[in-house]
1. Could you list, in sequence order, the residues of region 9-34 that are surrounded by 15 or more Cβ atoms within 10 Å (Cβ to Cβ) and of a type in the set (S, T, N, Q)?
2. Would a scan of region 114-127 turn up a residue that is closer than 16 Å to Gly29 by Cα, basic (Lys, Arg) and modelled with pLDDT of 90 or more?
3. Given the options Ala43, Ala59, Ala37, Ala89, name the one that is loosely packed, with under 13 Cβ neighbours inside 10 Å and at pLDDT 90 or above.
4. Within region 7-54, track down each residue that is more than 20 Å from Ala105 (Cβ to Cβ) and either assigned by TED's automatic domain parsing to the domain that holds Val110 or of a type in the set (Asp, Glu) (or both).
5. Assess whether Asp50 counts as being surrounded by fewer than 14 Cβ atoms within 10 Å (Cβ to Cβ), part of a helix (DSSP H, G or I) and not small (Gly, Ala, Ser).
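The values are calculated or read from the model by the stated rules, or taken from the named source; none is laboratory data. The structure presented is a predicted model; accordingly, all values stated were derived computationally and were not measured. Cβ placement follows ideal geometry from the backbone for every residue including glycine, while neighbour counts extend to all protein chains displayed.
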Amino acid sequence: MDAEDADNFREFVRSRFERLRALAYVTCGDWQTAEDAVAATLAKLYLRWDKVNSPDAYARSMVVRAAIGEKRRPWRRERSSGDALPEVALADHAGDVDERLRLRAALSRVPKRQRAVLVLRFLEGLSVEETAEALKCRPGTVKSQSARGLDTLRAVLAAEDIMLHDDERNHRVLSH
């Protein structure tokens, strides 16, 4: 890699690291796993920097796959007896923050593949075709996973008496 490519890569990382980390977190629900996924993705991207046509698309796709893959590793399934806090829901008087936390918790209960589709489609704003390319599946699979994921998310939210008012509000809650 020449000096110009190295500078371009550094600028890419500087400008997109936080967004990639947030994407990984929403996909897997754990900050350490998200950071590991982003680090692994950026290491792979660095090696292929001169061969990748669309670094944004490559990074998004790889981050989602890495975040899902990290949760499958054997050491990620091990838990110490003291790492889980009691599940007590406390009301947050900040309203929007509370709603986002509940939505994030509900999203974590959606199956991984459906969650990945929902995150790419509605958080990242990718089209059906772009999502299919990122996840290496057919557009029809994206559509069915999206419909099933939204149904699951609605059911979880309805069970918690959370009402989603309209699409504009949903998108704002998901993207903050």
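1. Thr27, Thr33
2. As a first pass, look at region 114-127 and keep what is closer than 16 Å to Gly29 by Cα: 114-120, 123.
Subsequent filtering for residues that are basic (Lys, Arg) retains 115.
The next check asks that each one be modelled with pLDDT of 90 or more; those that pass are 115.
Within region 114-127 (the criterion being closer than 16 Å to Gly29 by Cα, basic (Lys, Arg) and modelled with pLDDT of 90 or more), the answer is yes, since at least one residue qualifies.
3. Numbers: Ala59 fails: loosely packed, with under 13 Cβ neighbours inside 10 Å; Ala37 fails: loosely packed, with under 13 Cβ neighbours inside 10 Å; Ala89 fails: at pLDDT 90 or above.
Residue meeting the stated conditions: Ala43.
4. Matches in region 7-54: Asp7, Glu11, Glu18, Glu35, Asp36, Asp50.
5. Details: surrounded by fewer than 14 Cβ atoms within 10 Å (Cβ to Cβ): yes; part of a helix (DSSP H, G or I): no; not small (Gly, Ala, Ser): yes.
So Asp50 fails the test.
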